[in-house]
Every structure is written in C-alpha cells, then in structure tokens.
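Have a look at the structure below, then the notes.
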Amino acid sequence: MTQRHGKKSLQTILFYRFLTIAAALLIVISVIVYMIQYSSLYKNMENDILRTTTSIGASIDLQISQMDNVCLNVINSTSIKSTFALWSQANEGSAYERSRHQNALSNALISIRGVDASIRQVNIYPMEGSGYGVGNYYGMLSAETAELPWYESALEKNGYRYVCVAEQPLLSKNAGTRSDRLYLSLYRMYFDNYHNPIGFVEVLKYYDDLFADAILPKTEAPVDVAVYDGDGTQVYPYSEENTSRDFDYYNALGEENAVNGNIRLYNDREKQSEYVSFSRLDYSGFTVVCSVRNTDFFVPILKSLMWIPLLAFSLFVVCYFVAGFLSRRLASPLTQMHQFLSDTDSNGQFQLIHLEDSGIIEIDRLRDSLNASTQAKEAATESMLVMKEQEIQAQMLALQAQMNPHFLYNSLNTISAMAEEGMTEEVSGMCQDITSILRYISSDKESVSTVEEELEHCDLYLSCMKKRFKDSFTYEFDIADDLLDLKIPKLCIQLLIENSVKFTSRTAPPWHIRIEGYIDDGQWLISVKDNGPGFSPEVDKHLRSQMDQILKYSVLPSLELDGMGILNIFIRFYLLFGKAFLFQFGNLPEKGAFVIVGGRFHEKD
C-alpha cells in the first residue's frame, strides 16, 4: 500500500526513535569520555615533556656543578697555588728544576681531579705563555693563553664561570695530535692571595656525555631539544657552522617566562606552531628547551583515543540491530492487523484476525475489538448488500428502459426521413435490422452484455445509417480480440454511436465514425470518434458539472429523453463499477468529438 507523503509506518517511527535515543546517549557518553581521556592524555603529554625537560636540565646542572667543583678545588688548593707559582717561574731555572716543579703540579692536579672518569681533562693556564694539562692528555699545551678563542670571554668574566664548546681543546706541543671528539669546557680566572689574576683553570667533559639525556631524551614524545647558556648562545645542538639558522627559542620565550613552564610558539623558520617546554637551570644558568610540533603533539593523543569512536560505532551497530528488533517486536502485531485488513482480496471482507497474544495489553485489546466489530458489521452488511444490489439492478433496468424509447424515437425519425425520400427497399431492410436490435434490447433483464454482442448490433445500426446516407456516411471498427468477451453495460456503445450519427449528420458530408477498442497499460479502452461539430462549451461544462456532482455526492439526476445519451452511459458505468472506471470526452484537434470508456483489464475478464 502506498504511503502518503510525509507519513511513516509505526515500525519506522519506533526504529528511528530508539536509534536516535541510543545514538544521542552514545554521542553524549562518547564526548564525555573523549574529553576526559583527551584532557588526561593532554596533561600526561605535557607532564611527560616537562618532566623530560626538567630531567635533562637536572642532568646538565649536575655535571656542570661537578666540573665547577673540580675547577674551584683547583683554584682554592694551596698546594696548586704554590706548585703553579713555582712551575710558572721554572722556565728561568734548570731543566731539572722545571721537570721537578712540573711533576709536582701534575700530581696536585691529578689528586684534585680524583677518580671521577667523567672529568676528561683539567688544564691550568698562566696569563702569559702555555698551559699544562692532565687527563686525556698530560703535559704542556702548545698554544699561548692569550691566543686561545675563549681567552677574552673568560677574562671578561673576571673570575666568574664561563662555559663553552671546545672544538679542538687538546693540542700536543710535542706530538701534534688532536682529539676529534667535542668537549664542553668550563673556565674560571685564577687569582693569587692578593687577588691578582695569575691564570685560568679549565675543566673539560665529553660533549656527548654531558648532553647524553638531550641526545636521547627519555620520552616517547618526538621532542627536539635545544640548550642555551646564560647569554642566550645555543650550546646544544652544536654545529661548526653558523647556528643562527636554528629557531631562537631563547629570545622567543622572553624574560617573562622564568623558571619552568610551557608555552605555544609559532616557529617562523619551520612555518608551524609548536608546543615548547622550558626549564631555566639554577646552577648553570642554562635554559633547556624541548619543542614538539603541534602535529606530533596531538597525533599520538588522537591515536590513543581512536578506541572511543570505534567502540561508539560498534555500540551503535549493536543498537541498530536492537532497535530493529524492538521496533519489529512492538509494531509487528499492528502491521499484521493492518495488512490483514488491507488485503481484502485474499482475506475476504469479514475474516477474523487470527493473531497470537503479543503480551501487550493494548494491542491484544485492539485485536479483540476489531474482531468483534467485524462480526457485527458482517451481519449488518449482508442485509444491506441484498438491498443495494436490488436497488442498483432496478436503476440499471430503469436506465435501460429509458433507452428503449430513445432508440425507437431515433429509429422512427430515420425511417420517416427515408420514406419521404422514397427509399422503399432501404426502409424495408432497416425495419428488419431494427427488429433484430429491439429483440436484443428486450431479450432479457440483464443489464450487461459482451463487447462482441454489443458490436454486432452496433454494426446492424450503422448499416441502416449507411443505407440511408449511402456514400456520404462511412464507419469502421478496430477492436482487439482480447476485448470481445469483456462485460460492459448493455447499449452503452450503441448509444454513443447514435449520438455521433445524430450530431454529425447536422453538418455537411462526408460523415465518418470510428470505433476503436484496445488495451493500454493494463486498462481496456473503447472509443467512439466522429467528424461532427463536437461538444459546445456550454454542453461540455454542463456534463462535467453533473458528472462531478454524481462522483462527489452519489446522487443520480433525473434524465430527459433528449440529450440523455452521454450522462446515461456515465451513470450506468458508475452503478456497475463504482468509481473504478474511466470516462473521458471532448473535441478532437482536427474536427469532431470523442468519447472514451474503460476500466482495469483482468485476464479473467
């Protein structure tokens, strides 16, 4: 059954209501869980990066403090001061004196360096001349102190700590060897007892050892680490080339961001936003920065949350089937009752609904009420049908009885006209044909006949008209064989043909009438066409108005003998088929009128 536009079945409504509620709950719960998990993972990621930054800074600060302790121990050592003074003045003495003071200085430096393997080298430099070192290399250093690259910077510090990366820290004066491994050097100016500068102390560690936690940060986040000294110079990662090509996080952080924290910055070199965690070290004054691209920051979080939408989708699929089951369970009894009541062809009009108890009180009560109503209607309808059938039969016979004098009236007029024209033989033949037609009309009380029977007598009538008008009148039949056994109201085609002859003959000849019968799109159609004057606008409007009134109010008008043909046939079809029939009339484009009658074609017809 076709549903009206905008209306839905109960099962569809229940299904979408259940599904909508389930989907809304899933969305709300999923969003809440998602936001909670997202916030937790976001905080965990922040804390992990900040913890990594702090851990790297603590490691660097610890190692810088170790280097500084060794440096301060050298500076504050009384034995170093005395041996260094003697060693500095030994150049003026004998070789034996120089060797003895050098060994004393070496032993003093070794004792202060101790067993800490992370301190790779301790060097001591005079203000003028070359220095002396112990550690990876033992002996005199080749370069003049004032020529070393760190000299001016360490001098400016005036005894404060100065740290820098050493590219070539060790040069052997005698062997000329060098170390290709980078070092980090810590320098302090060395003073005598009168606070006069007498030299510098240098403590070195391997660069990759000191920045081991920065090289391999202990975090799953893809962080990039940068380390700046107190002046904002980048000391990690170190490049022999110009490091200004790297983004300057130190100045981007600004002075307002002190101690530890995190911030989001736009890296104009990489053209992307980054999450930046920083830690300003208390002891060394260094600043450790861990940066993560926004995509690298959020992608792991979003991947970790993928289970939520997947779980929500899985639950939605489960809810989909559950909603389908529940909606069918609730709507199935009503659907079965509706189908049973709608399928009158197979169930009969007064069949009872045999439906098992659904377990739903309202549905079971509705089934019982429908069955009780059906039984009551069956008894009332049986008596009404008998009365209605008798009434319709009487109306059909009355209409048919009205048509008999109408036919005789037209026929006698025709015979009279033919007699005046002296058509004696034609009048005799026509009287015989009219006798056959009258016998067909009054043969029984049936109100219907087959198309074949109707057309046989229509042919007799048309042959009479042919005898009268001769070559001025022609007609033709084109009827499909499948329609010959079809039941139609008796005399309906006959009356249409009579009207066509009547009105067509009022115009100038030639006159032509065509009777067609065919099947189109499951409907049988019979048409009568002529080349007469057609329907006048007044007649057309009057007929359509009366037909509309009959269909709307089911009230049959009184018919007059003159001009009753079209409306008579319409009423007979209405009484026989109800509203399930086709009736069209009008004027042809070229000339003339047409009337088409029809209905649904069934093979059993």
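The values are calculated or read from the model by the stated rules, or taken from the named source; none is laboratory data. Bear in mind the structure is a predicted one, so any value in this text is a computation, not a measurement. Using ideal geometry, Cβ is built from the backbone for each residue, glycine included, and neighbour counts are taken over all protein chains shown. In case anyone asks, the SASA skips ligands and DNA or RNA and just uses the protein heavy atoms, side chains included. Shrake-Rupley method; radii C 1.70, N 1.55, O 1.52, S 1.80 Å.
Screening the stretch 195-218 for residues that are open to solvent by 10 Å² or more (accessible area, probe 1.4 Å) and closer than 21 Å to Ile75 by Cβ and picking the one that is modelled with the lowest pLDDT gives His195. Scan the stretch 267-301 for residues that are of a type in the set (A, V, I, L, M) and over 13 Å from Val223 (Cα atoms) and report the count. Total meeting the criteria: 3. The set of residues in the stretch 39-71 being within 30 Å of Gly199 (Cβ to Cβ) and either surrounded by 17 or more Cβ atoms within 10 Å (Cβ to Cβ) or in contact with a Ser or Thr (Cβ under 6 Å, 6 or more places away or on another chain) (or both) consists of Ile60, Asp61, Gln63, Ile64, Gln66, Met67, Asp68, Val70, Cys71.
Looking at Gln66, is it more than 30 Å from Met337 (Cβ to Cβ), part of a helix (DSSP H, G or I) and at pLDDT below 85?
No; evaluated as a whole, the condition is false for this residue.
Within the stretch 123-152, the set of residues being part of a helix (DSSP H, G or I) and either open to solvent by less than 40 Å² (accessible area, probe 1.4 Å) or at positive phi (or both) comprises Thr145, Tyr151. When residues in the stretch 446-469 are screened for being among the small types (Gly, Ala, Ser) and part of a helix (DSSP H, G or I), 1 of them pass.
Can we say Glu274 is acidic (Asp, Glu) and in contact with a Lys or Arg (Cβ under 6 Å, 6 or more places away or on another chain)? So Glu274 fits the description; yes. Here Asn260 fulfils each of the conditions (1) out of contact with any strand residue (DSSP E or B) (no Cβ under 8 Å at 6 or more places or on another chain); (2) open to solvent by 50 Å² or more (accessible area, probe 1.4 Å) apart from (1).
Yes or no: the stretch 275-286 includes at least one residue that is modelled with pLDDT of 85 or more and at positive phi. Yes, the conditions are met somewhere in the stretch 275-286. Considered as a group, the residues in the stretch 78-89 that are buried (at least 17 other Cβ atoms within 10 Å of the Cβ) and either among the hydroxyl-bearing types (Ser, Thr, Tyr) or within 30 Å of Asp208 (Cβ to Cβ) (or both) include one that is modelled with the lowest pLDDT, and that residue is Ser88.
Residues being farther than 20 Å from Leu582 by Cα and open to solvent by less than 10 Å² (accessible area, probe 1.4 Å) are represented in the stretch 473-493 by at least one member. Against the list (1) at pLDDT below 70; (2) in contact with a Cys (Cβ under 6 Å, 6 or more places away or on another chain), the condition Tyr409 fails is (2).
Would you pick out the residues in the stretch 578-600 that are touching a residue at least 60 places away in the same chain (Cβ under 8 Å) and farther than 12 Å from Asn531 by Cα? Working first, answer last.
Here is the first cut: in the stretch 578-600, the residues touching a residue at least 60 places away in the same chain (Cβ under 8 Å) are 591-600.
Across the stretch 578-600, the qualifying residues are Val595, Ile596, Val597, Gly598, Gly599, Arg600.
Could you list all residues from the stretch 33-50 that are touching a residue at least 24 places away in the same chain (Cβ under 8 Å) and out of contact with any strand residue (DSSP E or B) (no Cβ under 9 Å at 6 or more places or on another chain)? Reasoning before the result, please.
The initial filter retains those residues of the stretch 33-50 that are touching a residue at least 24 places away in the same chain (Cβ under 8 Å), namely 33-34, 37-38, 41-42, 45-46, 48-50.
Result: Val33, Tyr34, Gln37, Tyr38, Leu41, Tyr42, Asp48.
Within 23 Å of Asp459 (Cβ to Cβ), touching an Asp or Glu at 6+ places or on another chain (Cβ under 8 Å), in contact (Cβ under 8 Å) with a residue 40 or more places away in the chain and crowded, with 18+ Cβ neighbours inside 10 Å, is that true of Gly517? Criteria met by Gly517.
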